[in-house]
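This report refers to the structure that appears directly beneath it.
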Amino acid sequence: MNRSLFIFWGEFIGTFLLVFFGCGSVAAAVLTGAQVGIFQVAIVWGIGIALAIYLTASLSGAHLNPAVTLAFATWKNHPWKEVPLYLLSQFLGAFCSAAVLFWIFYSPLIAYESKLGVQRGSIESVATAMIFGEFYPNPSGKPIDQAPFTISTTQAFGIEFLGTFILVLIIFGLTDDKNGSRPHEATPLLIGLTVTLLISLLGPLTMACFNPARDLGPRILSLFAGWGSVPLTANGNGWWLVYILAPILGALLGGGFYQKTITPLRS
């Protein structure tokens, strides 16, 4: 079978599942109260990521994240010619998953908006747009101006940068053939648990993205699902600085840090 088809389906299906479980847990928490506290949302994210990796790693390597793909291409000799296909597959998987979630949770969404008295497309509708794209500070299912604290774009950028740096640093360690203590079959589970830890710590601040496809695909879906310009204006330029650029730069530095400071010690 053509390698391009393996890559496309692996990254599409894997990212679809990542967003389905992850954003689905946010939707269930916000709209139905199914989860209580950030950890319950975070553990669903983590398990969902682990399952997606187990399912698709043999097809595409299960990057499921443009920041990871770019870090592998930069530091681990992943073919640059394959990068556009990886990124396109990840974005499409995230977008299609968000569309399915919108359909599944449509009735609870209408009821929640009515209960809150929020008109979709108003700035207050960040309270529900957060099911898809991410915002800072974490709206927690409320209008963003009701958050108990504020976070500057600079702070949010640093948080997403650091979170992705740590995530990719650990991914490089867990997948390094020279690391004699790497867990092999348990690698996907530990990557998922790393995301769980990071969301538990940083999610209350920026919603903990660390993945440009996970944010951009659902965010674009919300543009066409009634939220209008809100997903691109609520945080100003933060939607791309914090949730696209910061994870990419954090991943590149995290991968580089591992390759330059830890890998030589194993040689």
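Coordinate-derived values only; no laboratory data. The shown structure was predicted, so the numbers you read here are calculated from the model rather than taken from an experiment. When we count neighbours, we look across all protein chains shown, and the Cβ atoms used for this are built from the backbone with ideal geometry, even at glycine.
Just to confirm the number: angle between the C-alpha axis of helix 246-257 and the first principal axis of the chain, 0 to 90 degrees, nearest 10?
20
Report the one residue of PRO108, ILE131, THR154 whose Cα lies farthest in the direction of the positive end of the charge dipole of the chain (charges on C-beta: Lys and Arg +1, Asp and Glu -1; origin at the Cα centre).
So the residue we want is THR154.
Can you give the helix-only mean residue ellipticity at 222 nm for the chain, where every DSSP H stretch with n ≥ 4 adds -39500 (n - 2.57) and the sum goes over all residues, rounded to the nearest 500 deg cm²/dmol?
Mean residue ellipticity at 222 nm (helix-derived): -21000 deg cm²/dmol.
What nm value, rounded to one decimal, do you get for the distance between PHE149 and ASN2 when each label is placed 7 Å out toward the C-beta?
5.1
Give the angle, between 0 and 90 degrees and rounded to the nearest 10, that separates the Cα long axis of helix 106-116 from the longest principal axis of the Cα atoms of the chain.
So the helix axis and the longest Cα principal axis differ by about 50 degrees.
How far is it, in nm, from the label point at THR263 to the one at GLN119 when both lie 7 Å from their Cα along the line to the Cβ?
Each label point lies 7 Å from its Cα, and together they span 5.5 nm.
What is the angle, in °, between the Cα long axis of helix 38-60 and the longest principal axis of the Cα atoms in the chain? Nearest 10 is fine, range 0 to 90.
40
Taking only C-alpha pairs under 8 Å that are 6+ residues apart, what is the relative contact order of region 3-266 in percent?
Once divided by the residue count of region 3-266, the mean separation gives 28 percent.
Sequence neighbours fewer than 8 away in the same chain don't count; with that in mind, list the lysines whose C-alpha is under 27 Å from LYS81.
LYS178, LYS260
Can you give the charge dipole size of the chain about its Cα centre, rounded to the nearest 20 debye, using +1 on the beta carbon of Lys and Arg and -1 on the beta carbon of Asp and Glu?
320
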